[in-house]
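The values are calculated or read from the model by the stated rules, or taken from the named source; none is laboratory data. Because the structure is predicted, anything quoted here is derived from the model rather than measured.
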Amino acid sequence: MADDTVFARSPKGMVLFADKSSDTVYAITAPYFAPGAAYTAAQDSTGTTGFVGQVNLTTGLVTPIVTGLGNPGGMAFISPDAELNDPKTLIGKTPTCQ
């Protein structure tokens, strides 16, 4: 059962995800991410073993790339050119989407 899915937005970057059962955040880095490639966090049918895998968008099959997790989720793709806001700059302001 899939929990989260994220798409690579650029050839370079990292996929961040959390293992919610161990309160640990992990980063997957690679020399190249295919833009548009999908990565998903999932658990097996018993809900006891989790993994992160790459999704084949044609067949729907998920190939595990990180295994042995408890309950993975909360995924994000961060590209090197991402402009992340410093939380201190948002104090007292209403964030807007552009």
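Being at pLDDT 90 or above, within 17 Å of Asp3 (Cα to Cα) and among the hydroxyl-bearing types (Ser, Thr, Tyr) is the requirement here; does Thr40 meet it? Yes: the conditions hold for Thr40. Can you tell me which residue among Thr40, Thr29, Thr24, Thr58 is over 28 Å from Asp81 (Cα atoms) and among the β-branched types (Val, Ile, Thr)? Going through Thr40, Thr29, Thr24, Thr58 in turn, just one is over 28 Å from Asp81 (Cα atoms) and among the β-branched types (Val, Ile, Thr): Thr58.
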